[in-house]
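Single-structure report; data block below.
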Amino acid sequence: MFVYGSRAKFICLALFNNQKHKMAIFNSDKNSGFNPQEINILNASTTINGDLNSEGDIRIDGQVKGNVQVKAKLVLGSSAKIEGNVSAFNCEVSGQVNGNIKATEVLTIKQTASIFGDISCSKLIIESGASFNGKSEMKGPLSIGNDFNKNKASKPIETKSPVNAENSILQKAGA
């Protein structure tokens, strides 16, 4: 690991396959603003007891015993374990969550995910093999047609002839 420093900033770089990757920026300048474009990472060996709040993107591979609130994108890796409620703008879950999840926009539940709690989101993606035990609620603006935006209940469409076994195509083909 290489460390470059100046009076106000320290940048840590690591070599992976002979390539430099920026791992973290520690800024001691009190006048500099938070850059929400940088990703925060909690490694698998990290455990947090208490609530976690973030303004920017965050990836969690460790454990959090408390609520997690993220105003950007939250990624829960396959080794992540959350015991508390989760709230994020966009959320991708590959690990285990024991609590409710609220995503303002998109909630993606990956194949390795296990969720024990209720979920609420605008858009939901669940991969085959994922485990979800709870209630789901999807909210968001609908742009399919004008009737949907007027909060009017639509009537079911009536069919003119009921389908029964006597008139089925399979029976006619076999007769």
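The values are calculated or read from the model by the stated rules, or taken from the named source; none is laboratory data. This one's a predicted model, so the numbers in the text were calculated from it and none came from an experiment. Neighbour counts run over all protein chains shown; Cβ positions are idealised from the backbone, glycine included.
Scanning segment 82-93 for residues that are closer than 15 Å to Gly50 by Cβ and touching a strand residue (DSSP E or B) at 6+ places or on another chain (Cβ under 6 Å) yields Ile82, Glu83, Val86.
Taking the numbered list (1) buried (at least 19 other Cβ atoms within 10 Å of the Cβ); (2) farther than 18 Å from Gly134 by Cα in turn, Ser94 passes all entries but (2). The condition of being among the hydroxyl-bearing types (Ser, Thr, Tyr), in contact with a strand residue (DSSP E or B) (Cβ under 9 Å, 6 or more places away or on another chain) and at pLDDT below 95 holds for Ser54. Read through the list (1) part of a strand (DSSP E or B); (2) polar (S, T, N, Q); (3) exposed (fewer than 15 other Cβ atoms within 10 Å of the Cβ), then give the number of the only condition that Ser45 fails. Looking at each condition in turn, Ser45 falls short on (1). Taking the criterion of being touching a Gly at 6+ places or on another chain (Cβ under 8 Å), of a type in the set (Ser, Thr, Tyr) and assigned to a strand (DSSP E or B), the only residue of segment 96-117 that qualifies is Ser114. Applying the condition of being farther than 24 Å from Gly140 by Cα and in a strand (DSSP E or B) to segment 65-95 and asking which residue is farthest from the chain's Cα centre (by Cα) yields Lys65.
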